[in-house]
Structure formats: structure tokens, C-alpha cells
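Report on the following structure.
The values are calculated or read from the model by the stated rules, or taken from the named source; none is laboratory data. Source: prediction; values computed, not measured. For neighbour counting, all protein chains shown are included, and Cβ atoms are generated from backbone atoms with ideal geometry for every residue, glycine included.
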Amino acid sequence: MTLRAATYSILLAAAFGACGCAANKRNVAAAAPAVDPRQQDIDWRKEQVMQQLAVCESGSWGPQSQPIYGGRGAYHGRFQFTPRTYITYQQRHDGTVLTTREAIDAAQDYNKAAKLASFMIFELGEAWHWPLCSRKLGIPAKVKEINSL
């Protein structure tokens, strides 16, 4: 039985070597980007701030099965964006021009909205869009600390 397993392993290795599969695996592994622990820590801290902001604004964080509205329908999603704010800052972020419907849909998508909110807070320093939660959570101090890392 041990001889069969060893023979099978050798045949399998020879087959991968003959088809070039083993060489491709080495190339893929070599192309993987290096993980920077400092950047991982910064990204983790930013995500924590985004989660805290979402909880403060809408009661939870992460994707939701039902649309979230606030202010009698004026605010959308976990981060309570107005369509106009979402449209304006999305265009500033990457040049994308959205319709009102696209902005509302994007604001309801936690990942898209968190990415835009993170840009607004950490890149532009505009935590004032969430005045009560920003103050309550101490976001300006957290941004200063994270940006200094």
C-alpha cells in the first residue's frame, strides 16, 4: 500500500511537471503581493471606524436585506447618504457621474457606501457630514491618529 501511494505521488508529480502545471503554480505564488502589516493595521482601524459610524447612523453595519431609510426617506443606507451627497462625492472620488437612482442604490450597498464614506472621512477630512455620530464617536481624533500611522 505504501509503495502504491509513493508511486502514485511520483506519477502525479511527473504529470504536473510534463504539462507545466507545477511551473505555473510557482509563478502564481511568486506574483502574490507582499502583505504589509502596517497597512493591514491601518485598513483594519479604518474599517472599525466605518463599522462604528454605520452602527451609530443606522443601528448596524454590513449588508442588509431591506433598504434603510432615514429622515422620512431623505437619507439612504447604513451611512445615511442623501442622493445629492453621494453623487457629488462619488464624482470627486473617481469621476463617476451617477443618476439619482444609481446613487440611492449605491448608498444602500454597504461596501460601496463604506468605501465612499471612508474616502470622505480619511482622504478629505470631512467627518462633519455625520455631525452627531462624528462627535459621539470622536471620529476626528481617530482620523488624526490613523492618518499619523
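Would you call residue 136 among the basic types (Lys, Arg), modelled with pLDDT of 95 or more and under 14 Å from the mean Cα position of the chain (by Cα)?
Judged against the criteria, residue 136 is not a match.
Restricting attention to the range 47-87, which residues are among the basic types (Lys, Arg) and exposed (fewer than 13 other Cβ atoms within 10 Å of the Cβ)?
We begin by selecting, within the range 47-87, every residue among the basic types (Lys, Arg); these are 72, 78, 84.
Within the range 47-87, 72, 84 qualify.
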Margin query: If a residue counts only when it is at pLDDT below 95 and over 22 Å from residue 149 (Cβ atoms), which helices (runs of 4 or more DSSP H) contained entirely in the range 8-100 have at least 3 such residues?
Written below: 21-31
Check: Out of the range 110-139, which residues are of a type in the set (Phe, Trp, Tyr) and assigned to a helix (DSSP H, G or I)?
Finding: 110, 119, 122, 128
Check: Yes or no: residue 107 farther than 21 Å from residue 44 by Cβ, part of a helix (DSSP H, G or I), touching a residue at least 24 places away in the same chain (Cβ under 8 Å) and within 19 Å of the chain's Cα centre (by Cα)?
Finding: yes
Check: What do you reckon, is residue 82 more than 30 Å from residue 41 (Cβ to Cβ), among the polar types (S, T, N, Q) and touching a strand residue (DSSP E or B) at 6+ places or on another chain (Cβ under 8 Å)?
Finding: yes
